[in-house]
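Novice: Can you keep this structure in mind? I'll have questions shortly.
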Amino acid sequence: MIESTIIYNEVTIRRMRRLAESLSERDRRAYVAVEAYKSGSPGVVVVAGIFGMSTETIKKGRDDLDSPERLPPSGRQRHKGAGRKGVCSEQPGLEAVFDALIETHLGGDPMNEDVVWTDLQPSGIVAKLNDQGFSISENTVRALLKKRDPQTHAREIAGNRRSGSGASQRPV
């Protein structure tokens, strides 16, 4: 292998960064790895400085290029099951505490037991769960409400339209 160090000018570096920012995680890793290969033996360190990427990430990109069978299937960024785990699996007991909290704030239609709601806003649920030591976002609260009742989101939107104020009652 021929040793070489490519010196990039500022315009080229800006273009390289712009291109890298437009790529998916996997493609960005591969692109930066190719740039590291082009720069010879010090390439990983040089390119890491240019892109603000760890040398381990660049080495992983090199491994991906050298062993394409390790890559996830086409159309996927990661292998199935890879990536960040859900908040409920990271915080044992969250769903049970969430369910108990919702149960204490339920209301409903006495003529139709299928129609129930909570008087808590997602932000209120977040605050109450935070007080109990859980870290959760409003989006996760909405996902948990929807998981509890798939019709939640549709009824929540309809309730907000009727009240015009964001409604103090949230369907569950």
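The values are calculated or read from the model by the stated rules, or taken from the named source; none is laboratory data. Remember, predicted model here, so these are calculated numbers, not experimental data. Note that each Cβ is placed from the backbone with ideal geometry, even for glycine, and that neighbours are counted across all protein chains shown.
Novice: Taking the criterion of being at pLDDT 85 or above, touching a Ser or Thr at 6+ places or on another chain (Cβ under 8 Å), not basic (Lys, Arg) and not in a helix (DSSP H, G or I), would at least one residue in the stretch 129-137 satisfy it?
Specialist: Looking through the stretch 129-137, none of the residues is at pLDDT 85 or above, touching a Ser or Thr at 6+ places or on another chain (Cβ under 8 Å), not basic (Lys, Arg) and not in a helix (DSSP H, G or I).
Novice: How about the stretch 30-124: which helices (runs of 4 or more DSSP H) wholly inside it have at least 3 residues that are modelled with pLDDT under 85 and under 29 Å from Ser135 (Cα atoms)?
Specialist: 87-90
Novice: Further, regarding this structure: Go through the stretch 18-35 and give me each residue that's surrounded by 13 or more Cβ atoms within 10 Å (Cβ to Cβ) and either aromatic (Phe, Trp, Tyr) or closer than 14 Å to Gly52 by Cβ (or both).
Specialist: Hits for the stretch 18-35 are Ala20, Arg28, Arg29, Tyr31, Val32, Glu35.
Novice: Since Gln91 meets every condition but one in (1) in the same structural domain as Val126 (by TED's automatic domain parsing); (2) loosely packed, with under 13 Cβ neighbours inside 10 Å, which condition does it not meet?
Specialist: All conditions are met except number (2).
Novice: Restricting to the stretch 96-107, name every residue that is touching a residue at least 40 places away in the same chain (Cβ under 8 Å) and in contact with a Lys or Arg (Cβ under 9 Å, 6 or more places away or on another chain).
Specialist: The answer is Phe98, Asp99, Ile102.
Novice: Give the stretch 33-70 a look and list any residue that's closer than 18 Å to Arg14 by Cα and within 23 Å of the chain's Cα centre (by Cα), or say none.
Specialist: Phe51, Gly52, Met53
Novice: Let me ask something else. I'd like to verify a number: residues in the stretch 116-149 that are over 14 Å from Cys88 (Cα atoms), in contact (Cβ under 8 Å) with a residue 40 or more places away in the chain and either surrounded by 16 or more Cβ atoms within 10 Å (Cβ to Cβ) or hydrophobic (A, V, I, L, M, F, W, C) (or both), how many?
Specialist: Going through the stretch 116-149 one residue at a time, the tally reaches 6.
Novice: Return yes when Ile102 is of a type in the set (A, V, I, L, M) and closer than 30 Å to Leu144 by Cβ and no when it is not.
Specialist: yes
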